[in-house]
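First the structure, in the form of structure tokens, and then the observations on it.
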């Protein structure tokens, strides 16, 4: 069974108290439920179950029936948008989400998701407009500030993005994804001390063995940028124990081992990277440099 993305959990959680508009009656309406609303709810529930199981095509069919039964139901349209999105039909997904927003224009969560989708198709200016509207509606949403940070990052405004990440952290100080994204941006801005402070806050809040691999990898990068190669090597080694190895992780480990004066360990790590990705150029080049350093020109006489 496929794992359901976190955003789907949020969306599905709204079903029980979702908003149903004209023609199909409001959720919780005291009057009788119309046949069209009853059909819409049934198809929507089945469609959401299919989404949860990763059966995107089946979800689409069911949710289309829900929309046909009750065209004014924004929940059915937002779920249909997800089914289309995960099948790679991104423009169709945006059409459905835009129609849902037209039905409930003051729904901040819908607008945050629409921003994310627009970023996914590189519509940066429409994404910026969408998230500004979301923040005007609900200025205390951590996810909205985080999404505006991503929009600004895509728009090549890293300092503006950094300010928004910190606004988001003000509302959700322990959010792991936010901490990692902010630390990653500090690293890109060549401010490893600030990156480390955030990463240590994240890692210290994890139980033993529960540290995210990416956080440990970023910690290693920050230590390496500060010239603290032994600590970087320890972070990378721990990261390797927290998930599947990647060529980049092994290469970074090899690099700090070489800088720490441990060429044999560096070669071992770089060779492991090449076994995963035989065309990984940086690992191959590092091995060649280390081999040259270990084997001076025999024609030179002492």
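Please treat every number below as a calculation from the coordinates, not as lab data. No experiment lies behind these values; they were computed from the predicted model shown. Here the Cβ positions follow ideal geometry from the backbone for every residue, glycine too, while neighbour counts run over all protein chains shown.
Key figures for this structure:
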item: Largest-first ellipsoid semi-axes for the chain, taking √(5λ) over the Cα gyration tensor eigenvalues, angstrom; result: 49, 21, 17
item: Fewest-first ranking of 151, 292, using other Cβ atoms within 10 Å as the exposure measure; result: 292, 151
item: Where N is the number of residues in the range 128-187, Cα Rg divided by 2.2 N^0.38 Å; result: 1.01
item: Principal-axis tilt of helix 56-69 within the chain, Cα atoms, nearest 10 degrees; result: 20 degrees
item: Rounded to 10°, Cα long-axis angle of helix 124-137 versus longest principal axis of the chain; result: 60 degrees
item: Likely footprinting exposure, 84, 49, fewest C-beta neighbours within 10 Å first; result: 49, 84
item: GNM result for the chain, Cα springs below 10 Å: residue of 244, 187, 93 fluctuating most strongly; result: 244
item: Inter-part distance where the range 144-179 and the range 199-238 are each reduced to a Cα centre, Å; result: 21 Å
item: Cβ-based exposure ranking for 184, 265, in which fewest neighbours within 10 Å come first; result: 265, 184
item: Cα long-axis angle, helix 108-120 against the chain (0 to 90 degrees, to the nearest 10); result: 50 degrees
item: Ratio of the Cα radius of gyration of the range 175-302 to 2.2 N^0.38 Å, where N counts its residues; result: 1.17
item: Three-way shape label, the range 230-293, alpha-carbon gyration tensor, a/c 1.5; result: oblate
item: Fluctuation leader among 209, 108, 120 - the chain, Gaussian network, Cα springs under 10 angstrom; result: 209
